[in-house]
Amino acid sequence: MKHFDVAIIGDSLSARITATLLAKNGLGVLHLRGQRPFISEWFHSSIFTEKLLGNLGGRSCFTAPQPTQVISEHVRVTLQGDTPLAEELNREIGPAGQEVIDVLNRLNELGETLETVLWEHGGLPWPGVLSPTTFRLRCLRRKINLAELADPLEAQLEKFPAAVRTFLMDLFQGLTLLPVQQVTVASAALAWYHAMRAEAIDPNQFSDLLDKRFEQFHGVCDDLDRLENLDSDGHRWTGGHLKEREPFLARFFLIGDISLADRFAIQNTEGVGFRKPPITDCQLEITGRLSPFLSSQIICGGPSPMRLSLEAKDKEFSGLLSVYGLLNEEALLQQLLPILPFAKYAIQPVLSNSIPEINDSASRAESILDLRLQLDTNLYCADSTALVPDLGPAGASLLGWTFVNHLSASTKTPNKEP
């Protein structure tokens, strides 16, 4: 029978990051994987990702950020372009441009300060009393108002004229791929800070690096389909059985994909902290005339959070369209028409983590102090798409560091719980 410190059940980017960091720290890690997780081309950097790549020797994964166009109903601006954002906003919306810049600068400063506090804290507040209390004290020292962090961003946009408000709603819906009603000040600040950093990440190189390092650090990988059952002694999870393999034991269990929670007899995953949104990714084959001024990354304004990555192929284009919600093809085309007015598209869904229905009752994001990391005595959620979906790959790095900092310390002392 094989003994592991940590068994990770299910695949996601955050699960792979967690597995690799834990293995590098010398822990025995078993990772039961399914299909390799899809990583968005919208891979902004963060303090946690920067530290991760430095830790794994992956500096070559950094790349220059791509200019991103935000195409709203009355406003079109480019982020990370040649023209300063302030000039673009003043050109597009006149005197209100400076007020918008002031709001965005404040969010950028708040995002940087909050992420610095999270790094100093070792990641997200850990379940219990001590860690959240310490986190509150860190925020207090940095003059961060925790009550404001949990406020909905939408309320702060009401003071702007309609066209400006629509632009800001489109901007943050595109960055987070969530309806603006679900975007808190905290997630907006972090998402904006990440988007404006001086570097981005190559997703394919990053994924390859994780696989290579996990193997180098002697992590054990097996096929999720081999998992027959998991064992419990009534108080904690103890191990499991794999087809045509010997049984295994583990001290801690992480769910890498919240859709596998039923393997641990957890039927309700709609409790506090779970917000896995219905995101559909579609491949576009585009023919016809495209504007030469289009960027390779576009936030598509409109009723549904939507963004598009374009790639030139000879004289044609292909694109990856990510959209919140279960939109039919007609609704997709209707929102795309103002963006690509003279083109024809062939749309093919390529990957989806969509759920059958959108749960409007979960219409507001949770405070970072309320995220449901712990599911049972020694069972935790390591799926960033269920905990911090609005932070994308940067949120996966945040969650990975959270687990490595707490579980590495916990495994050093026998029978000590985190």
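The values are calculated or read from the model by the stated rules, or taken from the named source; none is laboratory data. These figures come from a predicted structure and were not determined experimentally. Glycine gets a Cβ as well: all are built from the backbone with ideal geometry, and neighbour counts include every protein chain shown. Protein only, heavy atoms only, side chains kept; ligands, DNA and RNA dropped before computing areas. Shrake-Rupley method; radii C 1.70, N 1.55, O 1.52, S 1.80 Å.
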Does anything in segment 284-325 have its amide N under 14 Å from the 7 Å Cα→Cβ label point of Q35, and if so which residues? none
Residue list for segment 175-198, given a label point 7 angstrom along the Cα-to-Cβ vector of Q156 and an amide N cut-off under 14 Å: 181-194
Length gained when the stretch L146-K51 is fully extended (0.36 nm per residue, less Cα-Cα span): 31.7 nm
Convex hull volume per residue for segment 182-228, taking Cα atoms only, in Å³: 170
Set the Förster radius R0 to 35 Å, insert the Cβ-Cβ distance between R91 and Q181 as r into 1/(1 + (r/R0)^6), and round the FRET efficiency to 0.05. 0.70
Suppose we look only past 18 Å in the calculated P(r) of segment 285-353. What percent of the Cα-Cα pairs does that tail hold? 31
Between the helical axis of 185-195 and the dominant principal axis of the chain, each derived from Cα atoms, what acute angle in degrees is found, rounded to the nearest 10? 80
Which three numbers, in whole Å and largest first, are the semi-axes of the equivalent ellipsoid of segment 194-324 derived from its Cα gyration tensor as √(5λ)? 41, 20, 15
Here the FRET efficiency for Q66 versus Q205, based on Cβ atoms and R0 = 22 Å and rounded to 0.05, is 0.90
With all protein chains present, how much of the accessible area of segment 1-101 (probe radius 1.4 Å) comes from carbon and sulfur, to the nearest whole percent? 44
Grab the Cα-Cα distance for F264 and D102, subtract it from 0.36 nm times how many residues apart they are, and report the gain in nm with one decimal. 53.6 nm
Inter-probe distance in nm under a simple model that places probes 7 Å from Cα toward Cβ, at F293 and H3: 6.7
Calculate the length of the line joining the C-alpha centroid of segment 40-100 to that of segment 276-311, in whole Å. 16
For segment 21-131, the Cα convex hull volume per residue in Å³ comes to 191
So if I place +1 on the C-beta of Lys and Arg and -1 on the C-beta of Asp and Glu, and nothing else carries charge, what would the dipole magnitude of the chain be about its Cα centre? I want it in debye, nearest 20. 980
Between segment 223-246 and segment 117-167, how far is it from one alpha carbon centroid to the other, in angstrom? 39
Of all accessible heavy-atom area on segment 203-310, the percent that carbon and sulfur account for (1.4 Å): 47
Note the angle between two axes, namely the Cα long axis of helix 130-141 and the longest principal axis of the Cα atoms of the chain, as a number of degrees from 0 to 90, rounded to the nearest 10. 30
Relative compactness, the chain, computed as alpha-carbon Rg over 2.2 N^0.38 Å: 0.99
Binned Cα-Cα distance frequencies in segment 198-260 - 10 Å width, integer %: 16, 38, 30, 12, 4
Once you place label points 7 Å from the Cα toward the Cβ at C221 and V129, how far apart are they in nm? 4.3
